[in-house]
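Working notes, beginning with the structure itself.
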Amino acid sequence: MNRLTATLITCNEEQNLPRVLDSLADLPDEIVVVDSGSADRTREIALQRGARVLCRAWTGFADQRNFAAAHAAHDWILALDADEELSPELRESLRAWKNRDPAEMAYEFSRLASYLGQWIRHSGWYPDRKVRLYRRDRARFAGVAHDSLVTDGRVGRLAGDLYHHAFRTVAEHTATVNSYSTAGAEEMFAAGRRSWLPAMLLAPPWMLLRRFFLQAGFLDGSRGWRIARMSAKYTFLKYRKLGVLARGGSLKASHRDANP
């Protein structure tokens with residue numbers, strides 16, 4: 001049997017944490033929670049459910065995930081977020097995987113997002129495959145705005161969806177767009193990118209058309225239109241902020257952004 005550690009990174013997740021822990025049930029052999037300063041009952045809930053809790057100041061998604069994996073008792077890691085949840089089918093796929101010889105060094109599965117109370121099956125949001133099951137000695141997370149797993153082995157696929165309870169309100173989505181666009185701009189700047197104006201003008205309308213028409217966002221109704229607009233806004237802000245950095249400015253001061 002493959003021994004498995006489930007890792008979670010948290011900060012003020014008392015509302016989400018019980019749901020993801022319930023979905024894990026008796027599947028992993030260990031649960032490690034890395035908490036970055038919760039002021040609510042997050043740590044208490046994790047401890048009550050038998051998790052091992054490590055406290056660490058926030059250093060970014062990838063770094064927090066790698067820290068959690070480094071402190072796991074087992075080499076196989078299932079990395080989740082507190083606002084995610086295993087579907088029944090994915091849970092059974094993982095249970096079956098535990099009882100066979102792994103053919104790959106990492107595994108991906110589809111992620112299905114709930115947005116403003118509705119499951120989104122288009123708009124470029126599904127199947128949104130994520131590699132979250134892996135051997136820690138063969139892979140690690142990298143990236144700032146959008147962390148992803150980098151592995152030197154083959155990636156398999158498991159059946160079932162990883163449910164993602166993404167945004168309950170437009171305000172939550174707007175805050176994430178603003179935060180991620182800053183991280184995205186800083187990542188591009190660190191990589192040596194300096195050109196920003198053409199992309200700021202051309203990429204947002206292309207993103208809007210792509211999300212709503214080419215990726216069938218219209219089938220998601222008004223939520224699909226909202227997602228398309230927010231995707232365009234993220235793209236616009238990312239390049240505008242890159243322009244601030246390229247001109248020697250700072251992103252520490254808040255930017256006034258138009259309402260979505």
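Does Tyr163 satisfy the condition of being more than 30 Å from Gly224 (Cβ to Cβ) and either crowded, with 18+ Cβ neighbours inside 10 Å or modelled with pLDDT of 95 or more (or both)?
Numbers: more than 30 Å from Gly224 (Cβ to Cβ): no; either crowded, with 18+ Cβ neighbours inside 10 Å or modelled with pLDDT of 95 or more (or both): yes.
Answer is no for this residue.
Quick test for you: out of Leu219, Leu208, Leu214, pick the one residue that is modelled with pLDDT of 95 or more, surrounded by 14 or more Cβ atoms within 10 Å (Cβ to Cβ) and not charged (D, E, K, R). If you could, list the steps in order and put the result at the bottom.
Details: Leu219 fails: surrounded by 14 or more Cβ atoms within 10 Å (Cβ to Cβ); Leu214 fails: surrounded by 14 or more Cβ atoms within 10 Å (Cβ to Cβ).
Result: Leu208 is the single residue among Leu219, Leu208, Leu214 that is modelled with pLDDT of 95 or more, surrounded by 14 or more Cβ atoms within 10 Å (Cβ to Cβ) and not charged (D, E, K, R).
Restricting the search to region 10-40, which residues are assigned to a loop (DSSP other than H, G, I, E, B), surrounded by 15 or more Cβ atoms within 10 Å (Cβ to Cβ) and among the charged types (D, E, K, R)?
Scanning region 10-40 gives Glu13, Glu14, Asp29.
Of the residues that make up region 95-103, is at least one in contact with a strand residue (DSSP E or B) (Cβ under 9 Å, 6 or more places away or on another chain), closer than 19 Å to Leu149 by Cα and either surrounded by fewer than 17 Cβ atoms within 10 Å (Cβ to Cβ) or in the same structural domain as Trp119 (by TED's automatic domain parsing) (or both)? Spell out how you get there, then give the answer.
First, pick out the residues of region 95-103 that are in contact with a strand residue (DSSP E or B) (Cβ under 9 Å, 6 or more places away or on another chain): 96-98, 102-103.
Imposing the further condition that a residue be closer than 19 Å to Leu149 by Cα reduces the set to 102-103.
Add one more test, that the residue is either surrounded by fewer than 17 Cβ atoms within 10 Å (Cβ to Cβ) or in the same structural domain as Trp119 (by TED's automatic domain parsing) (or both), and what stays is 102-103.
Yes, there is a match, as at least one residue in region 95-103 is in contact with a strand residue (DSSP E or B) (Cβ under 9 Å, 6 or more places away or on another chain), closer than 19 Å to Leu149 by Cα and either surrounded by fewer than 17 Cβ atoms within 10 Å (Cβ to Cβ) or in the same structural domain as Trp119 (by TED's automatic domain parsing) (or both).
Is it the case that some residue within region 60-80 is surrounded by 22 or more Cβ atoms within 10 Å (Cβ to Cβ) and free of Cβ contacts under 8 Å to residues at least 60 places away in the same chain?
yes
Tell me, yes or no, whether region 182-190 has at least one residue that is assigned to a helix (DSSP H, G or I), touching a residue at least 60 places away in the same chain (Cβ under 8 Å) and among the hydroxyl-bearing types (Ser, Thr, Tyr).
yes
Could you list, in sequence order, the residues of region 120-172 that are polar (S, T, N, Q) and not in a loop (DSSP other than H, G, I, E, B)? Spell out how you get there, then give the answer.
Residues of region 120-172 that are polar (S, T, N, Q), as a first pass: 123, 148, 151, 169.
Residues satisfying the conditions are Ser148, Thr151.
Output the number of the condition that Phe189 fails; it satisfies all remaining conditions of (1) outside the structural domain of Ser23 (by TED's automatic domain parsing); (2) out of contact with any helix residue (DSSP H, G or I) (no Cβ under 6 Å at 6 or more places or on another chain).
Exception for Phe189: condition (2).
Criterion first (in contact with a helix residue (DSSP H, G or I) (Cβ under 7 Å, 6 or more places away or on another chain) and at negative phi) does Arg194 satisfy it?
Values: in contact with a helix residue (DSSP H, G or I) (Cβ under 7 Å, 6 or more places away or on another chain): yes; at negative phi: yes.
For Arg194, the condition - in contact with a helix residue (DSSP H, G or I) (Cβ under 7 Å, 6 or more places away or on another chain) and at negative phi - is met.
The values are calculated or read from the model by the stated rules, or taken from the named source; none is laboratory data. Quick caveat, the model's predicted, so the values are computed rather than measured. Counting neighbours? That spans all protein chains shown, and the Cβs are built from the backbone with ideal geometry, glycine included.
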